[in-house]
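As structure tokens, the structure follows; a few thoughts come after it.
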Amino acid sequence: MSEDERREELHKLRAERQKHLDELREEDIDPYAEKYEPDHDAEDIISNFAEYEGERVSLAGRLMALRSHGKASFADLQDFSGRIQLYLKYDLLGEENYNFFQDLDIGDIIGLEGEVFRTNRGETTVKVEEFKLLTKSLRPLPEKFHGLKDKDLRYRRRYLDLIVNPGVRDTFVKRSQIIRAMRDYLEEKGFLEVETPMMHPIAGGANARPFITHHNALDMELYLRIAPELYLKRLIVGGMEKVFEINRNFRNEGMSYKHNPEFTMMELYEAYSDYEDMMELTENMIEHISREVLGTATVEYDGTEIDLSTPWQRMTMVEAIAKHTGADFSDIDDRDEAYQLARDIGLNPEEDLARGEIIHHVFEERVEEELIQPVFIKDYPLEVSPLAQRKEENPDFTYRFEPFIYGREVGNAFTELNDPREQRRRFEAQMAKREEGDEEAQMMDEDFIRALEYGMPPTGGLGIGVDRIVMLLTDSQSIRDVILFPTMRPEAGE
């Protein structure tokens, strides 16, 4: 069937359903009921058949299939928990009600009451004794057109994706469970959940290009949050020693299978701790979440077995580069030597990069994708870590790490910089980059420096990409598979 023929068929089906709707209203039947109170769900009945056999139950859901056999019919009802078979008998329902059911359309939402039994083939079934149309569906479900397999269409019309692809619902149930397990773990450790602004007068806390909006009453530009970091650190200054926020961030950047402009982060700060404490917290929390949601610390992702059991491997960035490329930056202090070493392994860094930026570039281009099993890459160059504390023994590097799993960074953590004069110097260096055209460089935040001048205790900070953890634990290959409504370009005509 050609695309034009499919469109014509769809038009006819919608016209037929509209006709059914008009006929119902002519007969004073309300096709959009106000309320219905089911007392069971499909999965509960199927899983506990012995308890419900012979009992009368009430269900509500969407009609997904109807198989008529003269004066007896079978149908499939789908609710949030799953599908269950229905049995309808002419003699039991009577002619009028039986025929009315036969005229229902696939996709209609109904409520029903009936007795639970098991067919000769062993399938748990509800013998329908009463039913009520709750909502008329005016569009045919995608099965009419060979299912809903086009990923772009699935993301745009997630409501249809959830109806016809049961595995999708399982992904988002697991997402909810993952976030709950994360929250429970942190609260058990004494962290307080807080909320910070989503509109900022200064975009800070990350190197990212922000979205800009305008507040009419104040006549001022505001930035959608790129990170909650600077606000959460203000709370540490204020004496709230262990805080976390599960937050939405917005970054006006490119899109890929692992990037969406709107995404979810968990960010936390703990006074009197450092990045070593953050490593321990990270590995323990992710193992806990996996065991809590999946019942195991060993998961399969894209055909590869990933072991989340603690402890995870730890390597400095320079060590990881040497291991995976053979290039040793440990004794190179000169920027030009670092540049040449990057060229020697086939890379072509931008001419204006500093030594630390060259090292980071080599790591991103040649090492990240090799990091399959969980590993902490620590001690990042100062130039790419404007909010992290310098290492005492090697001030060109910082107390910063990122956890990597399956070649992807899933978090970011520091021993936080708490020296206000050094923080000002770092901000000034970032502002110089902005003046040179770097739209992702951070802005000067005078109030944050003022807060540091009151004194922030030694602090460990951690951010975890919630979407990427969900991808890992649900074996999802794209971030769009784990965000209910990912950002999409509008369809033609919208």
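The values are calculated or read from the model by the stated rules, or taken from the named source; none is laboratory data. Please read all numbers here as calculations on a predicted model, not as lab measurements. Using ideal geometry, Cβ is built from the backbone for each residue, glycine included, and neighbour counts are taken over all protein chains shown.
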If a residue must be over 19 Å from Met315 (Cβ atoms) and out of contact with any helix residue (DSSP H, G or I) (no Cβ under 8 Å at 6 or more places or on another chain), how many such residues does segment 352-365 contain?
1
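Listed here are the residues, each with its yes/no results for (1) in a loop (DSSP other than H, G, I, E, B); (2) of a type in the set (A, V, I, L, M).
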| position | (1), (2) |
| --- | --- |
| Phe448 | no, no |
| Met456 | yes, yes |
| Gly463 | no, no |
| Asp467 | no, no |
| Ser476 | yes, no |
| Ile483 | yes, yes |
| Thr487 | yes, no |
| Glu491 | yes, no |
Assess whether Asn120 counts as being on the phi < 0 side of the Ramachandran plot and loosely packed, with under 14 Cβ neighbours inside 10 Å.
yes
Please specify each residue of segment 324-356 satisfying the condition of being within 17 Å of Ile377 (Cβ to Cβ) and either buried (at least 18 other Cβ atoms within 10 Å of the Cβ) or touching a residue at least 40 places away in the same chain (Cβ under 8 Å) (or both).
His324, Thr325, Ala327, Phe329, Gly356
Being touching a helix residue (DSSP H, G or I) at 6+ places or on another chain (Cβ under 9 Å), among the acidic types (Asp, Glu) and over 30 Å from Gly407 (Cβ atoms), is that true of even one residue in segment 244-255?
no
Within segment 259-270, the residues that are buried (at least 18 other Cβ atoms within 10 Å of the Cβ) and touching a strand residue (DSSP E or B) at 6+ places or on another chain (Cβ under 8 Å) are Phe263, Thr264, Met265, Met266, Glu267, Leu268, Tyr269, Glu270
Kindly check whether there is at least one residue in segment 153-165 that is in contact with a Leu (Cβ under 9 Å, 6 or more places away or on another chain), in contact (Cβ under 8 Å) with a residue 40 or more places away in the chain and under 20 Å from Ile479 (Cβ atoms).
yes
For segment 398-412, check the following and say yes or no: at least one residue is over 25 Å from the mean Cα position of the chain (by Cα) and buried (at least 18 other Cβ atoms within 10 Å of the Cβ).
yes
Consider Pro420 carefully, then state whether it is in contact (Cβ under 8 Å) with a residue 12 or more places away in the chain, surrounded by fewer than 23 Cβ atoms within 10 Å (Cβ to Cβ) and over 30 Å from Asp352 (Cβ atoms).
no
Residues being among the acidic types (Asp, Glu) and assigned to a helix (DSSP H, G or I) - total across segment 326-370:
9
Restricting attention to segment 430-446, which residues are in contact with a helix residue (DSSP H, G or I) (Cβ under 8 Å, 6 or more places away or on another chain) and part of a helix (DSSP H, G or I)?
none
When restricted to Glu446, Glu436, Glu428, Glu491, the only residue over 20 Å from Gly205 (Cβ atoms) and either basic (Lys, Arg) or more than 32 Å from the chain's Cα centre (by Cα) (or both) is Glu436
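Rundown of residues vs (1) at pLDDT below 95; (2) under 25 Å from Leu138 (Cα atoms), yes/no style:
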{"site": "Leu21", "(1), (2)": "yes, yes"}
{"site": "Tyr36", "(1), (2)": "no, yes"}
{"site": "Asp39", "(1), (2)": "no, no"}
{"site": "Ile84", "(1), (2)": "no, yes"}
If I ask for residues that are within 15 Å of Ile236 (Cβ to Cβ) and either assigned to a loop (DSSP other than H, G, I, E, B) or aliphatic (A, V, I, L, M) (or both), which ones from segment 415-429 would you list?
Leu417, Asn418, Asp419
I want to confirm something. Restricting to segment 423-446 and keeping residues that are of a type in the set (A, V, I, L, M, F, W, C) and without any contact (Cβ under 8 Å) to a residue 40 or more places away in the chain, which single residue is surrounded by the fewest Cβ atoms within 10 Å (Cβ to Cβ)?
Ala432
Which residue pairs have Cβ atoms closer than 6 Å, lie 6 or more positions apart in sequence or on different chains, and pair a first residue in segment 471-490 that is within 15 Å of Leu162 (Cβ to Cβ) with a second residue that is in a helix (DSSP H, G or I) and among the acidic types (Asp, Glu)?
Val482/Asp467
How about segment 215-317: which strands (runs of 3 or more DSSP E) wholly inside it have at least 1 residues that are within 30 Å of Met444 (Cβ to Cβ), without any contact (Cβ under 8 Å) to a residue 60 or more places away in the chain and in contact with an Asp or Glu (Cβ under 8 Å, 6 or more places away or on another chain)?
242-250
